[in-house]
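Pasting a structure below so you can have a look.
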Amino acid sequence: MASVRDIRRQIASIKNISKMTDALQTVSGVKFRKAEAAVKRSRPYAENFEEMMRAVAASSGSKNPLLVGREEVGAIAVATLTSDRGLCGAFNAQVIRRTMDFRRRQSVPVRQVVSGRKGIAFFRFRRIELAESFSGFTDSPAFENAQEIGQSLTRLFEGEEADEVYLVYNRFQSALVQRPVIMRLLPAAPEEEEGERSTSSPFEFVPDADVILGKLIPRYVETQVFQALLESAAGEHGARMTAMKNATDNANELVETLTLQMNKARQAQITREISEIAAGAEALTSG
């Protein structure tokens, strides 16, 4: 059995860790509430924008590659959104795992784009070439960050470096649940509606549908990337808050267990000392 002094040192160390994880939980809780509110505010706009793009794709009759794509897919681009910091449980692991599974299923070259230092470190460690990488804003993204990523992805498509562009991120559901999803950004026409376009359009395009879509689709990409960044940020803070709460609870339980062991060790030490004193006294008496 460990000595009382050793156990006391362990308890002090674990209590310090518990204070740190409790502080991180508190900070993440504050950030989580702000991020959750941002997600709820932005979702209706992103969803309406996507619905509008579905209607445009179904009725415009445009042949813009950004909307309808190209006849053959020779390469694709995958943008993965991770966090800059760790201590958030399986948050990064599950979105990276989803990305790797998606990459393995492809029969064409894959250009990898990453947001977040954790994702960058993962792909570089495995010597996977990165077409673009972004970091420094994952816990509090701004629309300018989404514009930078969106413009990069649009350039890959327009430069014919990728014929399809996909986004992989953690969709926020609650502090406990973040669901990794894959969505196609480009071409912007939804996959299930391709080839099913109506000949009559509820829209009147002035001056020309292709000109308007050339401006509209990049903004659509930026909007979807921004929504994904917000979803990912809320999920990150929720996952970190949950992980730190679990860590704090585990530390407190361990302190209780070690305290019990320390008390037993102390009791054994006292019993031993009493036995030694009694033995010494008996020896003196008999002598």
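The values are calculated or read from the model by the stated rules, or taken from the named source; none is laboratory data. Everything numeric in this text was worked out from a predicted model, so none of it was measured. Cβ coordinates were reconstructed from backbone atoms using ideal geometry, including for glycine residues, and neighbour counts include every protein chain displayed. Each accessible area value is taken on the protein alone, full model and side chains, heavy atoms only, with ligands, DNA and RNA left out. Shrake-Rupley method; radii C 1.70, N 1.55, O 1.52, S 1.80 Å.
Determine whether the stretch 38-50 contains at least one residue that is without any contact (Cβ under 8 Å) to a residue 24 or more places away in the chain, of a type in the set (S, T, N, Q) and within 24 Å of A228 (Cα to Cα). Step through it out loud before you land on a result.
Pass one, the stretch 38-50, residues without any contact (Cβ under 8 Å) to a residue 24 or more places away in the chain: 40-41, 44, 47-48.
Restricting the remaining residues to those that are of a type in the set (S, T, N, Q) gives 48.
Subset that is within 24 Å of A228 (Cα to Cα): 48.
For the stretch 38-50, residues without any contact (Cβ under 8 Å) to a residue 24 or more places away in the chain, of a type in the set (S, T, N, Q) and within 24 Å of A228 (Cα to Cα): present.
Further, regarding this structure: Working only within the stretch 28-60, note down all residues that are open to solvent by less than 10 Å² (accessible area, probe 1.4 Å) and closer than 20 Å to D139 by Cα.
S28, G29, V39, A46
Under 6 Å between Cβ atoms, at least 6 apart or on separate chains: pull out the pairs that start in the stretch 263-282 with a residue that is touching a residue at least 40 places away in the same chain (Cβ under 8 Å) and end on any residue that is of a type outside the set (S, T, N, Q) and surrounded by 10 or more Cβ atoms within 10 Å (Cβ to Cβ).
Within 6 Å, the pairs are A265/M1; A265/V4; R266/V4.
Tell me, yes or no, whether the stretch 225-243 has at least one residue that is at pLDDT below 75 and of a type in the set (A, V, I, L, M).
Scanning the stretch 225-243 turns up no residue that is at pLDDT below 75 and of a type in the set (A, V, I, L, M).
Another one. Please specify each residue of the stretch 66-83 satisfying the condition of being in contact with a Phe, Trp or Tyr (Cβ under 8 Å, 6 or more places away or on another chain) and β-branched (V, I, T).
Answer for the stretch 66-83, where residues must be in contact with a Phe, Trp or Tyr (Cβ under 8 Å, 6 or more places away or on another chain) and β-branched (V, I, T): I76, V78, T80, T82.
Return the pair list, or none, for Cβ contacts closer than 6 Å from residues in the stretch 12-36 that are under 23 Å from N170 (Cα atoms) to residues that are among the charged types (D, E, K, R), at least 6 apart or on different chains.
Once the first residue is under 23 Å from N170 (Cα atoms) and sits in the stretch 12-36, its partners that are among the charged types (D, E, K, R) give Q25/K245; S28/R240.
Okay, next question. Going by the structure shown, is I128 in contact with a Phe, Trp or Tyr (Cβ under 9 Å, 6 or more places away or on another chain), open to solvent by less than 90 Å² (accessible area, probe 1.4 Å) and part of a loop (DSSP other than H, G, I, E, B)?
Taking the combined requirement at face value, the residue satisfies it.
Please work out if V177 is open to solvent by 20 Å² or more (accessible area, probe 1.4 Å), closer than 30 Å to T26 by Cβ and without any contact (Cβ under 8 Å) to a residue 40 or more places away in the chain.
Values: open to solvent by 20 Å² or more (accessible area, probe 1.4 Å): yes; closer than 30 Å to T26 by Cβ: yes; without any contact (Cβ under 8 Å) to a residue 40 or more places away in the chain: yes.
Yes; evaluated as a whole, the condition is true for this residue.
Looking at the stretch 50-61 only, could you name the residues that are assigned to a helix (DSSP H, G or I) and farther than 18 Å from F172 by Cβ? Break it down stepwise before answering.
Going residue by residue through the stretch 50-61, those that are assigned to a helix (DSSP H, G or I) are 50-59.
Answer for the stretch 50-61, where residues must be assigned to a helix (DSSP H, G or I) and farther than 18 Å from F172 by Cβ: E51, M52, M53, R54, A55, V56, A57, A58, S59.
Separate question: Look through the stretch 91-125, keep the residues that are surrounded by 14 or more Cβ atoms within 10 Å (Cβ to Cβ) and in a loop (DSSP other than H, G, I, E, B), and return whichever of them is nearest to the chain's Cα centre (by Cα).
Initially, the stretch 91-125 is screened for residues surrounded by 14 or more Cβ atoms within 10 Å (Cβ to Cβ), giving 91-96, 98-100, 102-103, 106, 110-123.
Remaining after also requiring in a loop (DSSP other than H, G, I, E, B): 106, 116.
On the way: Q106: 23, G116: 9 Å.
Among them, the one singled out is G116.
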